[in-house]
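Worksheet: the structure to be examined is printed underneath.
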Amino acid sequence: MRVISTADEAALLRFARTLTLGDVHSAEDLVQEALLRAWRHADRLISTQGLTRPWLFTAVRRLAIDGFRARRARPVELCPSDLDVDVVPDIGERTLTAQVLKRAMAELVPHHREILVHRYYLDRSVEDTAAELKLPIGTVKSRTSHASRALRQALMAQGIHTGR
């Protein structure tokens with residue numbers, strides 16, 4: 001005895017995929033659970049004409065909501081292999097990087113240090129930096145280039161190898 005047609009089953013699976021944000025496996029689990037519940041209530045569903053399809057869609061929707069609520073109420077489960085070391089911020093590493101950068105910046109001549117602070121620390125454009133420091137745009141560009149090169153050399157002197 002078949003509770004649902006193949007076309008309805010495909011539509012139900014598409015509906016479940018939208019509820020699971022495209023997660024095929026979770027959608028299949030929802031449909032399978034809904035069909036299992038339909039099988040348990042098959043006598044009532046078959047006896048009422050046109051009840052099966054809406055009942056199944058409602059069951060899938062409610063199962064999806066229950067699953068969402070359960071995941072939200074429970075803390076996230078992680079195993080060590082799930083952790084990506086690059087994603088987890090390391091306060092010690094950031095502090096060390098800041099210290100190395102501060103030492104390298106201290107070795108620069110004042111106008112190189114000033115231009116790097118404006119361009120990268122304060123995140124100003126070439127035009128804004130030029131206006132703030134009352135310099136021509138070309139001077140800001142060349143100083144930025146020279147300052148970056150000097151900073152790279154200062155970092156390399158400390159044993160830090162940059163990407164270049």
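Things worth noting here:
- Debye log10 I(q)/I(0) for the stretch 6-79, one point scatterer per Cα, at q = 0.12, 0.15 Å⁻¹: -0.36, -0.53
- Between the C-alpha center of the stretch 128-164 and that of the stretch 1-34 there is a gap of 58 Å.
- FRET efficiency for the residue 149 to residue 122 pair, using the beta carbon distance and R₀ = 22 Å, is estimated at 0.60.
- Percentage of interatomic Cα-Cα distances in the chain larger than 22 Å: 66
- Overall shape of the stretch 91-157 was characterised from the C-alpha gyration tensor. The equivalent ellipsoid obtained from it has semi-axes of 23, 13, 8 Å, in decreasing order.
A short reminder: the numbers here are calculations on the coordinates, not readings from a lab. Quantities reported herein were computed from a predicted structural model and do not represent experimental measurements. All Cβ positions, even for glycine, are placed from backbone atoms using ideal geometry, and neighbour counts span all protein chains on display.
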